[in-house]
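Here's the structure we're looking at; comments come further down.
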Amino acid sequence: MKTQVVIVGAGPAGTLLSHLLGRAGVSHVVLEQQSRAYVLARIRAGVLEWGSVEILRDAGLAERMDREGQVHDTINIAWRGSEMLSIDSHELLGRRMMAYGQTNIQEDLYEAVDAAGNTIIFEAHDVQISDPARRPSVTFVANGVSERIDCDFVAGCDGSHGVSRTAIPASVRTEFEKDYPFGWLGILSETPPLPHLLYANHQRGFALCSMRNPMLSRYYVQCPLTDTIDDWPDDRFWTELLTRIPADKAALIETGPSIEKSIAPLRSFASEPMRYGSLFLAGDAAHIVPPTGAKGLNLAISDVHYLARAFVDHYQRGDDGYLDSYSEMASRRVWGAMRFSWSLTMLLHRFPDMSDFDQRAQEQELYHLSTSQSAQIAFAEQYVGLPLEV
Ligand code: RFL
Ligand code: PHB
């Protein structure tokens, strides 16, 4: 087989890239190691920056999002179990966010790719990238048959455990990494959510109340990395969540059986450069952020926006300016989100070796944020997302 671009991975990054290339007439094949049902069953992100909303709208992918997604402008942050600050991004910056689950975006993307007749090969195993520096080809096994595709470019959109990043020689890569000594236990429940996102700093650990739709809530509590979901029956989860948030908010929460429960470790990671010859990395394949800033999915979308533009310019105008600046431009945005997600993680979590001094210092920063409009503007600017470069 021969095509212009092979995309490895059909998560949000790979599928959005397929959609954007398909619209521009760039031939491509997507290889995904899992089944479609498996990808759709993963419960992940829920908050979109407005820049992401606009990218999806411009791509003609927003019909259901605009109908079912919930536009938000307020983020609440609680601390000491009773104090609370509200940051209104619309009042401060004139910008908003959208609550719309990654699962829904992934469904919309698969539907669009099907409608356009683009090819995703699911359950493609043993994907290997050869000669990424010059004339790449990709081999894989599907339905027991070995295949090979020759191509001009490979887009590595295969997440943090994929093969694309490691196809770049270790001598060329620089990796930046930070692990955090806790995870997030998340549940979905078919109960009405609070009207606004609520993040909580508490002596017992971080908590977050989020939403998917008017009858579907998403909640998280910080937990030790050694815990498993068996340590967290629903009763224990609800008791812990309600203890960590202010009593007046706890009184509004309707509890119910969880319909999904999982634990995710928190990690910051970035690999540079994001390009090696004809291989380009996008999304989690190149970087991971802890979910505290709600940036992971948004970065996958902004990387792909830059990368699709670069491929389209290459094929339609013979202009490689954006291909040549991709790694630098995408990395600049990644580090904005990397720093913000790290600082919000440090501000809101209880670390195992934390002293009362450290706790007070966190609380003072939250108090300052609650009293300073300039601090709130700086926070809101980063939370709703920095502008994309043109
Ligand atoms: P994905 O979604 O991981 O998709 C990569 C796809 O590549 C496939 N793949 C391969 N395919 C072929 N060959 C191989 N060798 C392959 N190896 C892997 C995988 O099966 C998969 O389908 O990366 P992408 O597209 O870059 O999208 C990134 C987002 O998914 C991610 O940043 C966010 O979901 C991160 N994230 C969260 N972000 C938020 O903003 N808020 C959250 O609440 C949030 N929760 C999460 C998360 C990520 C999690 N992970 C990665 C474990 C919760 C979890 C559990
Ligand atoms: C979510 O709704 O899953 C969510 C919201 C905000 C975050 C992380 C996750 O910071």
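General observations
- Dipole magnitude of region 178-265 about its Cα centre (Cβ charges: Lys, Arg +1; Asp, Glu -1), debye to nearest 20: 320 debye
- Ala45 long-range amide H proximity, modeled H, under 5 Å: Gln102
- Solvent-accessible surface ranking, highest first, for Asp356, Asp320 at 1.4 angstrom: Asp356, Asp320
- Residue-averaged 222 nm ellipticity for the chain, from DSSP H runs of 4+ at -39500 (n - 2.57), nearest 500: -11500 deg cm²/dmol
- Arg332, Arg23, ranked by accessible area, largest first (probe 1.4 Å): Arg23, Arg332
- Distant-in-sequence amide contacts of Ser258, defined by a placed amide H-H separation under 5 Å and a gap of 5 or more residues or a different chain, comprise nothing.
- Residue by residue, region 101-110 carries 3J(HN,Hα) couplings of x, 4, 4, 5, 4, 5, 4, 4, 5, 5 Hz when phi is fed to the Karplus relation 6.51 cos²θ - 1.76 cosθ + 1.60 (θ = phi - 60°); x denotes Gly or Pro.
- Listed residues Arg360, Arg95, Arg333, most fluctuating in the chain (Gaussian network, C-alpha, under 10 Å): Arg360
- For region 1-46 versus region 91-117, the gap between their alpha-carbon centres in whole angstrom: 15 Å
- Karplus-derived 3J(HN,Hα), 6.51/-1.76/1.60, for each residue of region 342-351, Hz, glycine and proline x: 5, 5, 5, 5, 5, 6, 9, 9, 9, 8
- Shape category assigned to region 14-80 from the gyration tensor of Cα positions, a/c cut at 1.5: oblate
- With all protein chains kept in place, the per residue accessible area of the chain amounts to 42 square angstrom at a probe of 1.4 angstrom.
- Only lysine pairs 8 or more places apart or on separate chains count here, and in the chain those with Cα atoms under 30 Å apart total 5.
- Ratio of Rg to Rh over region 178-265 (Cα coordinates, Kirkwood Rh, two decimals): 0.94
- Taking N as the residue count of the chain, its C-alpha radius of gyration divided by 2.2 N^0.38 Å amounts to 1.00.
- Using θ = phi - 60° and Karplus 6.51 cos²θ - 1.76 cosθ + 1.60, couplings along region 222-233 (whole Hz; Gly, Pro as x): 5, 9, x, 5, 7, 6, 10, 5, 5, 6, 10, x
- Region 178-265, relative contact order [Cα under 8 Å, separation at least 6], %: 42 percent
- Alpha-carbon centroids, region 307-380 and region 237-298: separation in whole Å: 14 Å
- For Asp324, the shell of other residues with beta-carbons less than 11 Å away shows a net charge of -3, using +1 for Lys and Arg and -1 for Asp and Glu.
- Built amide H within the under 5 Å cut-off of Leu216, gap 5+: Thr191
The values are calculated or read from the model by the stated rules, or taken from the named source; none is laboratory data. From a predicted model like this one, the values you see are computed outputs, not experimental measurements. All Cβ positions, glycine included, derive from the backbone under ideal geometry; neighbour counts span all protein chains shown. All accessible areas refer to the heavy atoms of the entire protein, side chains included, with ligands and DNA or RNA removed. Shrake-Rupley method; radii C 1.70, N 1.55, O 1.52, S 1.80 Å.
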